[in-house]
1. Looking at the structure I just gave you, is residue 21 within 24 Å of residue 77 (Cα to Cα), surrounded by 12 or more Cβ atoms within 10 Å (Cβ to Cβ) and either at pLDDT below 90 or over 20 Å from the mean Cα position of the chain (by Cα) (or both)?
2. Please verify whether segment 198-208 includes one or more residues that are at pLDDT below 75, polar (S, T, N, Q) and more than 15 Å from the chain's Cα centre (by Cα).
3. Do we have residue 95 as at pLDDT 95 or above and surrounded by fewer than 20 Cβ atoms within 10 Å (Cβ to Cβ) here?
4. List the pairs whose first member sits in segment 83-99 and is under 20 Å from residue 59 (Cα atoms), whose second member is β-branched (Val, Ile, Thr) and surrounded by 15 or more Cβ atoms within 10 Å (Cβ to Cβ), and whose Cβ atoms are under 6 Å apart, counting only residues at least 6 apart or on separate chains?
5. From the list 86, 78, which residue is outside the structural domain of residue 205 (by the TED database) and either open to solvent by 60 Å² or more (accessible area, probe 1.4 Å) or within 24 Å of residue 154 (Cβ to Cβ) (or both)?
6. Just the residues that are at pLDDT 85 or above and either open to solvent by less than 50 Å² (accessible area, probe 1.4 Å) or under 21 Å from the mean Cα position of the chain (by Cα) (or both), please, taken from segment 24-46.
7. Could you check segment 102-193 for strands (runs of 3 or more DSSP E) lying wholly inside it with 1 or more residues that are at pLDDT 55 or above, aromatic (Phe, Trp, Tyr) and open to solvent by 20 Å² or more (accessible area, probe 1.4 Å)?
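The values are calculated or read from the model by the stated rules, or taken from the named source; none is laboratory data. Because the structure is a prediction, the values reported are computed rather than measured. A quick note on method: Cβ atoms are made from the backbone with ideal geometry, for glycine too, and the neighbour counts reach across all protein chains shown. Heads up: the accessible areas ignore ligands, DNA and RNA and are worked out on the full protein's heavy atoms, side chains in. Shrake-Rupley method; radii C 1.70, N 1.55, O 1.52, S 1.80 Å.
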Amino acid sequence: MSSVPDGKKLVRSPSGLRMVPENGAFNSPFSLDEPQWVPDKECPSCMQCTKKFDFLTRKHHCRRCGRCFCDKCCSKKVTLPRMCFVDPVRQCGECSRVSQKEMEFYDKQLKVLMGGGTFIVTLGTSEKSETMMCRLSNNHRYLFLDGESHFEVELSRISSMQVLTEESTPEENDIHTYTSLLDSQYISEGGNCRASGMLLHYKPMGSQDPKQLRMEAAEDKKTASSWLAAMHKGAKLLYEARDQ
């Protein structure tokens, strides 16, 4: 699967120009589908301020949610990489705030994930561990793990992710806890809460039997912690895309 060329094509949709994979099956797992626009006949007034549409008050559709708004309530044009738009597109106030927050992931965290981190990797209940470089593939679809051996984990086949953190204060010993990537806790690169490892449950290709993968930071703990923090943010986008 991972050897399939990452070819892309330019397509025009009612919302604007998009650069999408030639094979739709190879979309980034972080991507979102374009929404269906609310039909014009079903929105006689702005869905935010309720101002009625007429010859002077035009209606606009938010490219992220598809709802109808007046120009004042849908005036911002914001980049939307999760839908593969080439240029910034019109979005309502609520959606534009969400898209702007996501830009940090696309501008910073994706580069960290593709750059990789070094971890001590343990498969299943094995007592053997291996030091491996883990990185996100260029098409965002796979985690590549390279050491003396090599294997891949497809993000779409991951059923759960948990981050192992180290919480410490000068007066206390380190406390190790597992934190679900689906909760609201923010794991920062610095501060008192630093990511130190990750536990994955996934189903290998061609199998329905789940496997466990445990990753713990190797010697370069700072880089590994940054990688895990980026993965924490990416997981929230990943599960949001699955639930859409």
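1. Details: within 24 Å of residue 77 (Cα to Cα): yes; surrounded by 12 or more Cβ atoms within 10 Å (Cβ to Cβ): yes; either at pLDDT below 90 or over 20 Å from the mean Cα position of the chain (by Cα) (or both): yes.
In short, yes.
2. Looking for residues that are at pLDDT below 75, polar (S, T, N, Q) and more than 15 Å from the chain's Cα centre (by Cα), one finds none in segment 198-208, hence no.
3. Working: at pLDDT 95 or above: yes; surrounded by fewer than 20 Cβ atoms within 10 Å (Cβ to Cβ): no.
Criteria not met by residue 95.
4. Every condition considered, the pairs that remain are 88/78; 88/79; 91/78; 96/78.
5. Values: 78 fails: either open to solvent by 60 Å² or more (accessible area, probe 1.4 Å) or within 24 Å of residue 154 (Cβ to Cβ) (or both).
Going through 86, 78 in turn, the sole match is 86.
6. Just the residues of segment 24-46 that are at pLDDT 85 or above, to begin with: 28-46.
Answer for segment 24-46, where residues must be at pLDDT 85 or above and either open to solvent by less than 50 Å² (accessible area, probe 1.4 Å) or under 21 Å from the mean Cα position of the chain (by Cα) (or both): 28, 29, 30, 31, 32, 33, 34, 35, 38, 43, 45, 46.
7. Details: elements: 117-123, 129-136, 142-146, 150-154, 158-167, 175-180.
Fully inside segment 102-193 and qualifying: 142-146, 150-154.
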